[in-house]
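Participant: This is the structure I want to talk about, given as structure tokens.
The values are calculated or read from the model by the stated rules, or taken from the named source; none is laboratory data. Please read these numbers as outputs of a predicted model, since none were measured by experiment. Every residue, glycine as well, gets a Cβ built from its backbone with ideal geometry; the counts of neighbours run over all protein chains shown.
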Amino acid sequence: MKTKATKRAQRSAANKMLLYETAKKLFILNGYEATTVNDICKASGISVGSFYHYYKSKDGILLAICQHIADFDIGLTNNLSEKVLEPQKYLREYFSEYGRLWEGIGVDLATQIYRVFDKAFLNDDMTFKPLKCYCDLETFISAAQDAGTFSKILPAHEAMHILFTFTRGILYEWCLRKGLHSLREVSDANVAVLCRLFEP
């Protein structure tokens, strides 16, 4: 009986992932608004009834995409004692990869994510959720401050929020301009300047 339940759970997880991946591809290819639940189900081979078992709506998949972004991890906190000797280098790499992640989903989908940003990234009291991308960056900044390679003018938590607020502004402008410039190139150039402000 336990084996059957496990197989059922595995099949359920596989179906949910298939819906997620199919929807994401269709959103990027055809645009979020132009993609219907029926389109997603037809392309994935999963019934509409089953879709609503896994997701309440298309926005449910949009929230799942946000969660994937929030779980962003390139190993910033791996080998921390070595990396904090050159924090600006690794912060630039971190935000360059973060920009690549957003560019990968495209300007249309990135713009749609702003509609559900509060649900994905904020608590009910409008404070930021303790998401992996935030926690990793705060841990890195705190370690760099302890190593004397990152300014202590602000606590690590506040410095982390400034860096993310800045990069969200770059992302928002990219969305407003309909992706007319390279998000990564603009992000790389501006983050490099911002990082220099935090040199000790």
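Rundown of residues vs (1) in contact with a helix residue (DSSP H, G or I) (Cβ under 7 Å, 6 or more places away or on another chain); (2) aliphatic (A, V, I, L, M); (3) in contact (Cβ under 8 Å) with a residue 40 or more places away in the chain; (4) surrounded by fewer than 17 Cβ atoms within 10 Å (Cβ to Cβ), yes/no style:
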| site | (1), (2), (3), (4) |
| --- | --- |
| Gln112 | yes, no, yes, no |
| Phe121 | yes, no, yes, no |
| Thr127 | no, no, no, yes |
| Ser142 | yes, no, no, no |
| Gln145 | yes, no, no, no |
| Ser151 | no, no, yes, yes |
| Pro155 | no, no, no, yes |
| Ala159 | yes, yes, no, no |
| Glu173 | no, no, no, yes |
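Participant: Related question: Looking only at helices (runs of 4 or more DSSP H) that fall completely inside segment 81-200, which ones have 1 or more residues that are within 16 Å of the chain's Cα centre (by Cα) and of a type in the set (Asp, Glu)?
Facilitator: Here the list reads 87-113, 117-121, 132-147.
Participant: Of the conditions (1) without any contact (Cβ under 8 Å) to a residue 40 or more places away in the chain; (2) acidic (Asp, Glu); (3) loosely packed, with under 15 Cβ neighbours inside 10 Å, Glu138 satisfies every one except a single condition; which number is it?
Facilitator: (3)
Participant: Could I ask something else about it? Which residue pairs have Cβ atoms under 6 Å apart, sit 6 or more places apart or on different chains, and have a first residue in segment 59-74 that is under 11 Å from Lys24 (Cα atoms) and a second that is among the β-branched types (Val, Ile, Thr)?
Facilitator: From segment 59-74, the pairs are Leu62/Val116.
Participant: Moving to a separate point now. Which condition from (1) without any contact (Cβ under 8 Å) to a residue 12 or more places away in the chain; (2) closer than 28 Å to Ala13 by Cα; (3) not acidic (Asp, Glu) is the one that Lys89 breaks?
Facilitator: Result: Lys89 fails condition (2) only.
Participant: Can you tell me how many residues in segment 29-42 are buried (at least 16 other Cβ atoms within 10 Å of the Cβ), among the aliphatic types (A, V, I, L, M) and closer than 20 Å to Gly104 by Cβ?
Facilitator: 1
Participant: If a residue must be outside any helix (DSSP H, G or I) and either without any contact (Cβ under 8 Å) to a residue 40 or more places away in the chain or over 20 Å from the mean Cα position of the chain (by Cα) (or both), how many such residues does segment 17-45 contain?
Facilitator: Number satisfying all stated conditions: 5.
Participant: Picking from Phe95, Phe117, which residue would you name as being farther than 21 Å from Asp188 by Cα and in the same structural domain as Asn190 (by TED's automatic domain parsing)?
Facilitator: Phe117
Participant: Sticking with this one: Restrict the check to segment 145-155 and report whether at least one residue is of a type in the set (Ser, Thr, Tyr), over 16 Å from Gln88 (Cα atoms) and touching a Phe, Trp or Tyr at 6+ places or on another chain (Cβ under 9 Å).
Facilitator: Within segment 145-155 (the criterion being of a type in the set (Ser, Thr, Tyr), over 16 Å from Gln88 (Cα atoms) and touching a Phe, Trp or Tyr at 6+ places or on another chain (Cβ under 9 Å)), the answer is no, since none of the residues qualifies.
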